[in-house]
Amino acid sequence: MRKKAALRIIISVILFAVIFFALQRLLMPKYMTESKEGAMIQEYYQNAGDNDVVFITDCEVYENFSPVKLWNEYGIPSIIRGSAQQMIWQSYYLLEETFRYESPSVVVFNVMTMTYDSAESVGDQSKMEAYNRMTLDGMRWSKSKVSSIKASMTKEEKEKSGIWSYIFPILRYHDRWNDLKEEDFRCFFKQDQVTDNGYLMQVKVNPVKDDYPRIPLVSYQFGDICYEYLDKIRLLCEEHNCQLVLVKAPSLSPIWYDEYEIQILDYANEHDLLYINCLEHLDEIGIDWNQDTYDQGLHLNVYGAEKLTVYFGQILRDECLLQDRRSDSSLSEKWTEKTRLYDQRKERMEKERDQEADIQP
Amino acid sequence: MSFASVTFFVFLGILIILYYALPHKIQWVLLLVASYVFYLFAGWKYLPFLVFTTISTYLGTNYISRNAEASKAYLEREKDHLSKEDKKAYRAQAKKRSRIAMILVLVVNIAILFFCKALLVDPFLSLAKGNTSLSFLTLGLPMGMSFYMFQSLGYLIDVYRDKAKALKNPFKLALFVSFFPQLVQGPISQFTELEESLFSEHAFDRKQIAFGLQRMLWGFFKKMVVADRIAVAVQALQGEEYRGFAFFILMIFFAIQLYADFSGGIDIAIGIAQVLGVKLPENFNRPYFSRNIADFWRRWHITLFQWMKRYIFYPISVSKPMLNLSLKGRKKFGRFGMRIPVYIGTFLTWMGTGIWHGFHWHFILWGFLNCIFIVVSEELTPAYEKFHSRVSFSNKKGYDIFQIIRTFLLMNLIQITDLFPRLSEYFGKVASLTYVFNFHILWDGTMTKLGLTGTDYIILLCGVVLMFAVSMIQRKGSVREQMLKIPCVIRYGILFIMIFAVILLGSYGIGYDASAFIYNQF
């Protein structure tokens, strides 16, 4: 009798766990067609290892630099660990995790992130929570993920669910049953790749129309917490014998103020870091704001990103002394496949864009 | 720590394992530690209030007990030397000392409760709040204060009345005062009811644990799926523009919310206690099936109204001055005069209950309306009986249903005062029922502008139907006992559906404004 009862309990627990985790998997957003940024962090693990350059931070890297182009032009293998509105502490913990998977020679950090020192500085808190989920849900469980969650949670998240909703995401997405899409079922076991080694391709063209106004700010000072984490990133790179390169991507908005530039220059000089402000090299890069942006200068499209990558690759080769590794056959084979997928994606997206343009009056 | 949190489940899981794994002798110690840990989660700054009530009750009850024992011993020792009058005088003296001790502890604790309710929570008496920089004014009401205080003071009075023994072990008293499942919103236990199951040893009982967990599950369903979902519409419908039939809908929605929230919380509390082998008193008995207001209050928040009756109503209505008044009244006004002490007792009990809810006129109106309805109903009872003896339909089922619906609507009219601190607004809305006939809100899209979607209404409808069905089944006895009779696969299927209904349909987490238990604030 007792044996029977024990068996009943064991079967019930197993059945419960299976249903629970299946539902959890189903309800978690897959980010395949909308907000693709949410799928990028977990894609990293399929492409991790043997990358010489790792780009971190937000859309100013994952929409502006093309690793495939970097490989094809210079033979430098690279990857982007970017995510939407990635806060500097998230960049730090992602980098910490990255060093467990590979040993890059260069880490490229986009300095615009220094302007966001708190969840509040981003604005809408509900959006911030969504950004947190897009960065954190995709990370594999590790000490870095736990630390990143703790550092990132908004006030509402802390009050309502704490870390539990990250451990059991069903607690966050429990009401998505009403919004399930075809992709939630299709990608139940395996998700599509939405990026090319972390690069989120855009092919549309939406030229810059007007100058963005330089509205005076109350304060231009980067927050202490940003410096604290920048120091941590720097020290982490030093610890792993890796060069940290600071970069300001050529995005016209949000405005990169002179006061910001001075602070970054001071920091770079103080710690002997290479800093490239791409906004000051637009002509050398060859950016044409009528052709190379898909959202009026906020981010580059693939044509602009390829130009920027060609320019930046030369710096990586000349200043960081990165070698051309195209002679490595296994690596080359891998990147040939990546290039094929990249070209395929580009072609498909261009076709879709052109069809869309034909339909529109 | 909210009951509806993963942290609480982890806490409870650890407690259950330790509770049954460690020697059963120390189970009550573990419960005490767990209760204080649970309380500390609400904030350490609330702890002094709980500790003070415990210590003052301990000192009070032990003084009363020692005083009674000493006087008894003295009288026994000196029985041959004292006259009858001397003995009587000595007893009276001893009783007086005990009474003074009891009153002292009562007054100090009630003063603290009133102080906290008035200054820490209630804006009505906290006019000074804006002008003061005292940080404790921003504390909020210490969690469960009313409930643990009622329980402690009831125990104190019972010891004074020699209906309960004073606990010699202060830690056992601390557990009785702070037992965590009932700390949030009751039920309020009497010491004599709880003593045995709280302090005795409990062996692992699979059936009791399963029943406890099932009761918790039902509570979570009511709270998270029904109460917290409908809360959004209740909030919206309080707007100035919603009058007439919209106000009627608000009454119905609020009745559902209040019942699902409060009884859900009580189900969770009783379920947790049951898992730990402790039997808490029931606090609800299908209240919306009541046939009159007095009946309603015998079925709703049962333990509070038993407390009020035991410690306020009876002491007032059977006190010496009241008995004298009754005699005088009978001579002058007959039956009505004889019942004057009952009216006074009823009035004071309801006013006390109203004020306990908060220092707002609408709570006082709430108490007053309850008092009036009950007194009028009682007074009209003979007339009703006479009428029913002559009219045959009084025995029919239809009349029963009429009584149930009438009581439900009357109670809604009273309960809804909770939502309107401005009495003029309340009376205005009630009056609008008589001249605003905006039934079109049912189909003109208004209902979907209340923060609820069509799916939400379907979920609510299913939830309410389920609650109704469970109430109907309860008439034949325990639902869980009846469930044992159905095949195991179906039973487990039902439980799985309920668990996943709570997980998937519950209104919690980001994007939801899941409220704390309504009665938590009292």
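For the range B:444-459, residues that are free of Cβ contacts under 8 Å to residues at least 60 places away in the same chain, away from chain A (no Cβ under 14 Å) and either within 22 Å of B:Pro287 (Cβ to Cβ) or open to solvent by 50 Å² or more (accessible area, probe 1.4 Å) (or both) total 2.
Taking B:Ile312, is it closer than 26 Å to A:Leu171 by Cβ and of a type outside the set (Lys, Arg)? Before you say what the answer is, go through the steps one by one.
Values: closer than 26 Å to A:Leu171 by Cβ: no; of a type outside the set (Lys, Arg): yes.
No; evaluated as a whole, the condition is false for this residue.
Determine if the range A:195-217 includes at least one residue that is acidic (Asp, Glu), more than 14 Å from chain B (Cβ to nearest Cβ), more than 23 Å from the chain's Cα centre (by Cα) and over 30 Å from A:Leu321 (Cα atoms).
Step one: list which residues in the range A:195-217 are acidic (Asp, Glu), which gives A:196, A:210-211.
From the residues that got through so far, the ones that are more than 14 Å from chain B (Cβ to nearest Cβ) too are A:196, A:210-211.
Still in the running and more than 23 Å from the chain's Cα centre (by Cα): A:210-211.
Cutting the leftovers down to over 30 Å from A:Leu321 (Cα atoms) gives us A:210-211.
Yes; the residues of the range A:195-217 include at least one that is acidic (Asp, Glu), more than 14 Å from chain B (Cβ to nearest Cβ), more than 23 Å from the chain's Cα centre (by Cα) and over 30 Å from A:Leu321 (Cα atoms).
Suppose we filter B:Arg299, B:Arg286 for residues that are within 16 Å of the chain's Cα centre (by Cα), without any contact (Cβ under 8 Å) to a residue 40 or more places away in the chain, open to solvent by 30 Å² or more (accessible area, probe 1.4 Å) and outside the structural domain of B:Tyr20 (by TED's automatic domain parsing); which single one remains? B:Arg299 is the lone residue from the list that is within 16 Å of the chain's Cα centre (by Cα), without any contact (Cβ under 8 Å) to a residue 40 or more places away in the chain, open to solvent by 30 Å² or more (accessible area, probe 1.4 Å) and outside the structural domain of B:Tyr20 (by TED's automatic domain parsing). Checked against the criteria, B:Gly463 counts as within 27 Å of B:Gln235 (Cα to Cα) and open to solvent by less than 30 Å² (accessible area, probe 1.4 Å). Look through the range A:43-57, keep the residues that are in contact with a Ser or Thr (Cβ under 6 Å, 6 or more places away or on another chain) and in a loop (DSSP other than H, G, I, E, B), and return whichever of them is surrounded by the fewest Cβ atoms within 10 Å (Cβ to Cβ). Selected residue: A:Asp52. Filtered by the rule that a residue be more than 10 Å from every other protein chain (Cβ to nearest Cβ), surrounded by 17 or more Cβ atoms within 10 Å (Cβ to Cβ) and assigned to a loop (DSSP other than H, G, I, E, B), the range A:144-186 gives A:Met153, A:Pro169.
Pairing residues of the range B:70-86 that are within 19 Å of B:Lys96 (Cβ to Cβ) with residues that are open to solvent by 70 Å² or more (accessible area, probe 1.4 Å), at Cβ distances under 7 Å and at least 6 apart in sequence or on separate chains, gives B:Ser71/B:Arg91.
Of all residues being assigned to a helix (DSSP H, G or I) and out of contact with any Phe, Trp or Tyr (no Cβ under 9 Å at 6 or more places or on another chain) in the range B:232-251, which is modelled with the lowest pLDDT? Just the residue, please.
Narrowing the range B:232-251 to residues assigned to a helix (DSSP H, G or I): B:232-236, B:245-251.
After this cut, where a residue has to be out of contact with any Phe, Trp or Tyr (no Cβ under 9 Å at 6 or more places or on another chain) as well, the list is B:235, B:246-248, B:251.
Numbers: B:Gln235: 88, B:Ala246: 91, B:Phe247: 92, B:Phe248: 93, B:Met251: 93.
Result: B:Gln235.
Restricting the range A:203-234 to residues that are in contact (Cβ under 8 Å) with a residue 40 or more places away in the chain and not in a loop (DSSP other than H, G, I, E, B), the residue that is most open to solvent (accessible area, probe 1.4 Å) is A:Asp224. All conditions but one from (1) under 19 Å from the mean Cα position of the chain (by Cα); (2) at pLDDT 90 or above; (3) away from every other protein chain (no Cβ under 14 Å) apply to A:Asn132; the one that does not is (3). Of all the criteria given as (1) crowded, with 23+ Cβ neighbours inside 10 Å; (2) in a helix (DSSP H, G or I), the one not satisfied by B:Ser189 is (2). Please go through (1) within 14 Å of chain B (Cβ to nearest Cβ); (2) in a loop (DSSP other than H, G, I, E, B) for A:Asp117 and return the number of the only condition it doesn't satisfy. Looking at each condition in turn, A:Asp117 falls short on (1).
Residues in the range A:11-35 that are in a loop (DSSP other than H, G, I, E, B) and not aliphatic (A, V, I, L, M) were compared, and the one that is least open to solvent (accessible area, probe 1.4 Å) is A:Lys30. Residues in the range B:11-54 that are farther than 16 Å from B:Gly271 by Cα, within 14 Å of another protein chain (Cβ to nearest Cβ) and either open to solvent by less than 60 Å² (accessible area, probe 1.4 Å) or touching a helix residue (DSSP H, G or I) at 6+ places or on another chain (Cβ under 7 Å) (or both): B:Ala42, B:Gly43. Here A:Asp288 clears all of (1) open to solvent by 10 Å² or more (accessible area, probe 1.4 Å); (2) in contact with a Lys or Arg (Cβ under 8 Å, 6 or more places away or on another chain); (3) over 14 Å from A:Gly75 (Cβ atoms) except the condition numbered (2). Of all the listed residues (A:Leu282, A:Leu308, A:Leu300), the sole one being open to solvent by 10 Å² or more (accessible area, probe 1.4 Å), in contact (Cβ under 8 Å) with a residue 24 or more places away in the chain, touching a Pro at 6+ places or on another chain (Cβ under 8 Å) and aliphatic (A, V, I, L, M) is A:Leu282. For A:Ile276, all conditions in the list (1) touching a helix residue (DSSP H, G or I) at 6+ places or on another chain (Cβ under 8 Å); (2) closer than 25 Å to A:Val203 by Cβ hold save one; what is the number of the exception? Of (1) touching a helix residue (DSSP H, G or I) at 6+ places or on another chain (Cβ under 8 Å); (2) closer than 25 Å to A:Val203 by Cβ, only one is false for A:Ile276: (2).
Would you mind stating whether B:Asp86 is in a helix (DSSP H, G or I) and open to solvent by 50 Å² or more (accessible area, probe 1.4 Å)? So B:Asp86 fits the description; yes.
Does B:Leu484 fit the bill of being open to solvent by 50 Å² or more (accessible area, probe 1.4 Å) and at pLDDT 85 or above? Yes: the conditions hold for B:Leu484. Can we say B:Gln151 is modelled with pLDDT of 90 or more, within 20 Å of the chain's Cα centre (by Cα) and under 30 Å from B:Val29 (Cβ atoms)? Yes.
The values are calculated or read from the model by the stated rules, or taken from the named source; none is laboratory data. Note that the coordinates shown come from a computational prediction; the quantities given were computed from them, not determined experimentally. Methodologically, a virtual Cβ is constructed for each residue, glycine included, from the backbone with ideal geometry; neighbour enumeration extends over all protein chains shown. Remember, those area values only see protein heavy atoms, side chains included, never the ligands or the DNA or RNA. Shrake-Rupley method; radii C 1.70, N 1.55, O 1.52, S 1.80 Å.
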